[in-house]
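Engineer: Take this structure first; my questions come after.
Read-outs throughout are calculated quantities, based only on the coordinates presented, and are distinct from any laboratory measurement. Bear in mind the structure is a predicted one, so any value in this text is a computation, not a measurement. Please note: Cβ atoms are built from the backbone with ideal geometry, for glycine as well, and neighbour counts cover all protein chains shown.
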């Protein structure tokens, strides 16, 4: 855990393993589309495979799991506020959608 | 007074180390300055890409016309079979492989193996360039055969084209810039530019950028192509 700054030397095998895992999870997420899973199953599988792949890339390929906690938090915490943006815009988009439906219903009726 | 040094002893826990890093008037991130700056740039780039994806989410939710099915729009006809998203899947594997070769290039850099480092970086750049090539093919097919435009398309919601060209275009631009970046660093490695100091962190920093481009693709693949 306590490493010198430039000490990012790791056995090359770990990269090959992660490479393989990324292939596996990419194939799995492709199969989600190939077999045309729909609804909640589709969305949850897509999100799970996406997060696993992102986690593997960031932690191993980008060496984050070997970085110091101060750097990890400085990088990972700010993007969390983007989740708030996602939430706000989802509410806003739902509202826009309903407003449009209402408007088109009126123009069609009138 | 050296309770600030992070080479510390085994009695220091991770949380204590965090407090020490952030306290007192000194540098917070004990890493190469270039690496810290690259990470800060990548965090800001994360915000840009997320804003694009959130914009895409917003127009897709609020569109009253049906959203075109990416599975059908991006299907390829090969030998009478319609294979959904085939080209996109190949592009995904190519980009992941380029990330793999890049990670190994960083590793060989730290082993001071100039030849292998440069060779793997050139392989990464080549895979990246082929990714951009396939993207150009995809755009051409979409524009000329499917008739997709930023302001409309025959399949459904008009916003499909605008978000598609914006998001994948911005990502493709990142890949193209990355290819140039990698070529520059690879040539410098070959010339022995980093040999004097024995400092190959430049390769790792270039790698951070490249892996980030791959990372963004993971999200685009999930939200734009699969959703």
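Engineer: For the protein assembly as shown, what does the helix formula give at 222 nm: sum of -39500 (n - 2.57) over DSSP H segments with n ≥ 4, over the residue count, nearest 500 deg cm²/dmol?
Structural biologist: Per the formula, -23500 deg cm²/dmol.
Engineer: Would you mind calculating the gained length between residue A:108 and residue A:54 on full extension (0.36 nm times residue separation, minus the Cα-Cα distance), in nm to one decimal?
Structural biologist: 14.8 nm
Engineer: In addition: Take the alpha carbon atoms of region B:34-56, find their center, do the same for region A:15-41, and report the distance between the two centers in whole angstrom.
Structural biologist: Distance between centres, Cα-based: 25 Å.
Engineer: Using the count of nearby Cβ atoms within 10 Å as a rough guide to exposure, how do B:108, A:95 rank from fewest to most?
Structural biologist: A:95, B:108
Engineer: On to the next question. Using Cα-Cα distances under 8 Å and only pairs 6 or more residues apart, what relative contact order does chain B have, in percent?
Structural biologist: 24 percent
Engineer: Please rank B:211, B:193, A:10, fewest neighbouring Cβ atoms within 10 Å first, as an exposure proxy.
Structural biologist: Starting with the residue having the fewest Cβ neighbours, the order is B:193, A:10, B:211.
Engineer: Using only C-alpha atoms and all pairs of different ones, pull out the Kirkwood radius for region B:142-183 in Å with one decimal.
Structural biologist: 11.3 Å
Engineer: Compute the length gained on full extension between residue B:184 and residue B:13: take 0.36 nm times their separation in residues and subtract their Cα-Cα distance, giving the result in nm to one decimal.
Structural biologist: 57.5 nm
Engineer: Follow-up. When you look at the Cβ of every residue in B:210-217, what mean number of other chain Cβ atoms sits within 10 Å?
Structural biologist: Mean shielding count: 4.
Engineer: Express in nm, to one decimal, how much length is gained between residue B:139 and residue B:87 on full extension, taking 0.36 nm for each residue of separation and deducting their alpha carbon distance.
Structural biologist: 17.6 nm
Engineer: Mind pulling the angle between the C-alpha long axis of helix B:86-110 and the longest principal axis of chain B? Nearest 10 degrees, somewhere in 0 to 90.
Structural biologist: That works out to roughly 10 degrees.
Engineer: Could you compute how fast region B:5-161 diffuses translationally, taking Rh as the Kirkwood radius over C-alpha pairs and applying Stokes-Einstein at 37 °C with viscosity 0.692 mPa s? Give it in µm² per second.
Structural biologist: 162 µm²/s
Engineer: What value does region A:1-76 have for Rg/Rh, both radii from Cα atoms and Rh as Kirkwood defines it?
Structural biologist: On the Cα set of region A:1-76, Rg over Rh gives 1.11.
Engineer: In degrees from 0 to 90, rounded to the nearest 10, what is the angle of the helix B:114-144 Cα long axis to the longest principal axis of chain B?
Structural biologist: Around 20 degrees separate the two axes.
Engineer: Calculate how steeply helix A:12-34 sits against the longest principal axis of the alpha-carbon atoms of chain A, using the helix alpha-carbon long axis, and give the answer as 0 to 90 degrees to the nearest 10.
Structural biologist: For helix A:12-34, the angle is close to 20 degrees.
Engineer: Please report how far the C-alpha centroid of region B:83-100 lies from that of region A:76-110, rounded to the nearest whole angstrom.
Structural biologist: Using only Cα atoms, the two centres lie 32 Å from each other.
Engineer: What average number of partner chain Cβ atoms lie no more than 10 Å from the Cβ of the residues making up B:57-66?
Structural biologist: Partner Cβ neighbours, averaged per residue: 5.
Engineer: Dividing the alpha-carbon radius of gyration of the protein assembly as shown by 2.2 N^0.38 Å (N being the number of residues), what value is obtained?
Structural biologist: 1.12
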